[in-house]
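Below: the structure, in structure tokens.
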Amino acid sequence: MPRFCVALAVRRYGGQPLQLRPGDDVTTVAPDGLVITGGHDIDPVLYAGEPEVHPNYDKERDAFEGEVIRYALQHRLPLLGICRGAQLLNICRGGSLHQELKSRRQHTSNRWTILPLKTLSVRIPSQLHQLLRCSPCKINSLHNQAIAEVGTGFEVSGRDLDGIVQAIEDPDEDFLMGVQWHPELLIFIRRQRHLFKRLVKVATLRLNARPQ
């Protein structure tokens, strides 16, 4: 369902979504923009962490999506990381994660919900605020892990009421952002769709700038 919603949001703004899977060659596909979606927790070996919890890991997906992100960073592609995707994006820039969040919560619930019941404080100014045009905002919450040490080049642009990082962005790129919530499940809210609109716009500009 989330991937279908991502594809729907991308298509709405004129993009042509294509799903990549482990084994695909990203250099052959040569995308103009990328969305790295949510899923299993990330193996702590990728950020030199000792396991603190024992969730399900998907090492094959970790390796493949890490390769895709590094390709995007090398070619300066517009990229939106969602939940796990934001965490992996942060790791690829040398950042780390909190492996569990329950002990870090005092003002927010540890309950998962696809509904926009969680409060997001957006930093002003930031690219995120330019897109959402609200602070505070309401978001959903479906994650066990979160960004701890922020990767090189990223700035924190959103936190929840416990100060847990909810969004990172690179201000030196046209669009390189990771969000901890699931905007694809909130596409009925116009401001959440703006994340995908911006991604497609930057990717389209990139495509049109290619030599003919």
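Side notes on the structure shown:
- For the chain, the relative contact order comes to 24 percent (Cα pairs under 8 Å, sequence separation of at least 6).
- Computed with a 1.4 Å probe over protein heavy atoms only, the accessible area of Leu8 comes to about 90 Å².
- Cα-centre dipole for the chain with unit charges at Cβ (Lys and Arg positive, Asp and Glu negative), debye to 20: 1160
- For the chain, DSSP calls about 65 percent of its internal beta bridges antiparallel.
- Per atom type, segment 3-159 shows carbon and sulfur on 50% of its accessible surface, probed at 1.4 Å.
- Listed residues Leu89, Gly163, Phe4: farthest to the positive end of the dipole of the chain (Cβ charges): Phe4
- Cα centroid separation - segment 145-212 against segment 16-33, whole Å: 19
- Just checking the listed ones, Ile124, Ile147, Ile36: in the Gaussian network model of the chain with Cα springs under 10 Å, the one fluctuating most is Ile124.
- Of all the options Arg159, Arg70, Arg111, the one that moves most in a Gaussian network model of the chain with Cα springs shorter than 10 angstrom is Arg111.
- Loop GluC sites (Glu not before Pro), segment 24-119 (other Cβ atoms within 10 Å of the site Cβ: 16 or fewer; DSSP): Glu52, Glu100
- Quotient of Cα Rg and 2.2 N^0.38 Å for the chain, N being how many residues it contains: 0.96
- Solvent-accessible surface of the chain, taken per residue with a 1.4 Å probe and all protein chains present: 51 Å².
- Solvent-accessible area of Asp43 with every protein chain in place, 1.4 Å probe, in Å² to the nearest 10: 10
- Within segment 65-166, chymotrypsin sites (Phe, Trp or Tyr not before Pro) in DSSP loop having at most 12 other beta-carbon neighbours inside 10 Å: Trp112
- Virtual paramagnetic centre 7 Å along Cα→Cβ of Leu205, amide N under 20 Å, in segment 111-138: 125-133
The values are calculated or read from the model by the stated rules, or taken from the named source; none is laboratory data. Nothing here was measured: the structure is a model prediction, and the numbers come from that model. Positions of Cβ are backbone-derived with ideal geometry, glycine not excepted, and every protein chain shown enters the neighbour counts. In case anyone asks, the SASA skips ligands and DNA or RNA and just uses the protein heavy atoms, side chains included. Shrake-Rupley method; radii C 1.70, N 1.55, O 1.52, S 1.80 Å.
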